[in-house]
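These notes concern the structure reproduced below.
What follows is calculated from the coordinates using simple rules that are stated; it is not laboratory data. All values derive from a computational prediction rather than experimental measurement. Positions of Cβ are backbone-derived with ideal geometry, glycine not excepted, and every protein chain shown enters the neighbour counts.
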Amino acid sequence: MNNKHNLSRRRFLQFMGLSASGLIVPQFTQAGTGVLITKSIPSSNEQIPVIGLGSSRTFNVGNDPLALDNVAEVMRHFFKAGGRLIDSSPMYGSSQPAIGYGLKKLAKIKDVFSADKVWTGDFHQGAEQMQESRQHWKLDTFDLMQVHNLVAWQAHLEILFRMKQQGKIRYVGITTSHGRRHDELVDIMKKQPLDFVQFSYNILDREAEQILLPLAKQRGIAVIINRPFQRGDLIHELNNKPLPKWANTIGCESWSQFLLKFIASHPAVSCVIPATSQVSHVRENMQACYSPLPDEAMRRRMIDYVEKII
Amino acid sequence: MGELTSYRLSDFILFSQTVYYRQFELYNQFVWPLHFLAIIFALIIIYALWKKPVWGGRLVALLLVVCWLWVAWVFLYQRFYQIHVVANWYALGFALQAGLIIWYGLIRNCFALFVSNQLRIKIGSALLFVAYIVYPFIALMTGRSWMQFEMFALAPDPTVLASLAILLFYKVPVSLYVIPVVWMLLSVSTLIVM
């Protein structure tokens, strides 16, 4: 609790302002390092930490025992910093078994908020694929099951809603990335009772602010943001540029934290899922899960600065 | 088509360079000491191309069939498929090439007819040198662990390159070149964007 009193006045006020608006709920880590930012899933009011963990590419390590241990180590630091939501897909090669290895090794099967996807054009194979995914993760049920990249979404959504009714999953979602098929996604969001939607959004690609994010807010759909660093390109481009001095007023000591906090501070965003295979990066990313979050004026300032230097 | 053009090749490569090369390190440990057999295969092929014995063509074809099927099953399907969701199709392509070599090399004995074009022979010899001798040292030359070496008869790239080189020595149908050329294009693209 002492750390709460150590917050600067500005950070405390920003934090209080966001709390009052219902955006974040404070939690204190065991280590007492600060205020963990969580956001509410609109359909249930369940809280999830605003920074999650993606697994595309980074956790696809095959049967390499050293790499599997490294994945477990990344996950250990993720959980230790308060993280819960891990996202994967059958498309990501061996990422699912790697996550299962980590969960078992760390005894975190009950703590993880599991988000996976169904990814097959043949909806008859969907049930079998989800069963395989459960086995890979070593879980009885998934928290969230999403239709990957809108593939055969009509048939899959019907099955997922039925599974939710039967208690086999807790939430239903749908995903896309790189700004593809947004028109179709909008249509689905308007017509289907989704719990989650996942798409790409970052400080330079803000197309989602026009329709997707306001619509999600209006429809009460939780939003997961993928590709926060444009698959590393954004970080790569910014790493040789100076971080603004005022970044520390929003608790950012690195570009990754700066970019993640920008996304996480959008009122409609529930969780951002950067992917990494490095312990130092997951620790750095998870610092963005702690208050304060930028307010609207600060978000504008962040955009102006990045657009000026890129 | 609009959506398709929004994809980059890297969107389909869902593994890192580190993980890719570690596959060769683990694979080399797994197949040891078959590397000696691979060297014997390579030497037999050189002998057959040089001395042109009557039985040489069919033996070269048989050895290539073994190499392509081995790489298809043990590397591409059993190992690479773990990290690359389309590697099962690659394995199928390699098996298909083995089938074509069986048909043209073993059944129709096309590998009995040598070309006389010196340019083809020189290019073939150069490619064979790269596949046999240079390729295994690329890992070391690029600063990776020597254990990540790729060797003819065991790893896909040097096997395909050596096969292309060997085909240049013979009067064989163009259809035998299709899969090796497509593979080299795929492989080079993967290495560039990985």
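Given the peptides A:156-165, A:105-114, arrange them by the average over their residues of other C-beta atoms within 10 Å, most packed first.
On the way: A:156-165: 17.9, A:105-114: 15.5.
The packing order, highest mean first, is A:156-165, A:105-114.
I need to check one value: relative contact order of chain A, counting alpha carbon pairs closer than 8 Å and at least 6 residues apart, in percent.
Relative contact order here is 21 percent.
Specify the inter-centroid distance of segment A:160-238 and segment A:256-279, based on alpha-carbon positions, in whole Å.
Taking the Cα centre of segment A:256-279 as reference, the centre of segment A:160-238 is 14 Å away.
Determine the relative contact order of segment A:73-149: mean sequence separation of Cα pairs under 8 Å and six or more apart, normalised by residue count, in whole percent.
For segment A:73-149, the relative contact order is 35 percent.
Tell me, what HN-Hα J-couplings in whole Hz come from the Karplus equation 6.51 cos²θ - 1.76 cosθ + 1.60 at θ = phi - 60° for each residue of segment A:298-310, using x for Gly and Pro?
So the J values, rounded to whole Hz, are 5, 4, 4, 5, 5, 4, 4, 5, 5, 5, 6, 8, 9.
Which value, in debye to the nearest 20, describes the size of the charge dipole of chain A about its Cα centre when Lys and Arg Cβ atoms bear +1, Asp and Glu Cβ atoms bear -1, and nothing else is charged?
860 debye
Rank these for me by crowding, A:Y171, A:Y92, going from fewest to most other beta carbons within 10 Å.
Placing the least packed residue first, the sequence is A:Y171, A:Y92.
Hey, what do the phi angles of segment A:258-268 turn into as Karplus ³J(HN,Hα) couplings, whole Hz, using 6.51/-1.76/1.60 and θ = phi - 60°, x for Gly and Pro?
Result, ordered by residue: 4, 5, 5, 5, 4, 5, 4, 7, 5, x, 8 Hz.
Measure nothing but the geometry: give the 0 to 90° angle between the long axis through the Cα atoms of A:9-20 and the longest principal axis through the Cα atoms of chain A, rounded to 10°.
The angle comes out at about 40 degrees.
When Cβ neighbours within 10 Å are restricted to other protein chains, what is their mean count per residue of peptide B:39-52?
Numbers: counts 0, 0, 0, 0, 0, 0, 0, 0, 0, 0, 0, 0, 0, 0.
Per residue, the number of nearby Cβ atoms from other chains is 0 on average.
In chain B, which helices (entire DSSP H runs) extend 24 Å or more along their own long axis, judged by Cα positions, while averaging at least -0.5 on the Kyte-Doolittle scale?
Flagged H segments are B:34-51, B:175-193.
Looking only at other chains, what is the average number of their beta-carbon atoms within 10 angstrom of each beta-carbon in A:57-67? Present the calculation step by step, with values, prior to reporting the outcome.
Working: counts 7, 4, 3, 8, 8, 12, 6, 8, 1, 3, 6.
Whole-number average of other-chain Cβ neighbours for A:57-67 is 6.
Considering only DSSP beta bridges with both partners in chain A, what is the antiparallel share in %, to the nearest 5?
Of all bridge pairs located within chain A, approximately 25 percent are antiparallel.
Rank A:L260, A:Y201, A:T58 by how far each Cα sits towards the positive end of the charge dipole of chain A (+1 on Lys, Arg Cβ; -1 on Asp, Glu Cβ) and give me just the farthest.
Among A:L260, A:Y201, A:T58, the one farthest towards the positive end of the dipole of chain A is A:L260.
Explain nothing, just compute: Karplus ³J(HN,Hα) = 6.51 cos²θ - 1.76 cosθ + 1.60, θ = phi - 60°, for every residue of segment A:91-103 in order, whole Hz, x for Gly and Pro.
5, 8, x, 9, 4, 4, x, 5, 5, x, 4, x, 4
Mind checking which of B:Q23, B:P53, B:G105 is farthest towards the positive end of the protein assembly as shown's charge dipole, using Cβ charges of +1 (Lys, Arg) and -1 (Asp, Glu) about the Cα centre?
Going by the charge dipole, the pick is B:Q23.
Say the dipole of segment B:16-193 comes from +1 at the beta carbon of Lys and Arg and -1 at that of Asp and Glu; which of B:I133, B:L154, B:F169 then lies farthest toward its positive end?
B:F169
Please give the calculated 222 nm ellipticity per residue for the protein assembly as shown, where each DSSP H segment of at least 4 residues contributes -39500 (n - 2.57) and the sum is spread over every residue; nearest 500 deg cm²/dmol? Before the final figure, lay out each step's value.
On the way: 20 runs with 238 residues, N = 504.
Result for the protein assembly as shown, helices only: -14500 deg cm²/dmol.
Is there a quick way to get the dipole size of chain B? I mean about its Cα centre, with the Cβ of Lys and Arg at +1 and of Asp and Glu at -1; what is the value in debye to the nearest 20?
So the magnitude is around 640 debye.
How high is the FRET efficiency from A:I211 to A:A155, r the C-beta distance, R0 25 Å, rounded to 0.05?
0.50
Determine the shielding of peptide B:10-18 by partner chains: average, over its residues, the number of Cβ atoms on other chains within 10 angstrom of each Cβ.
5
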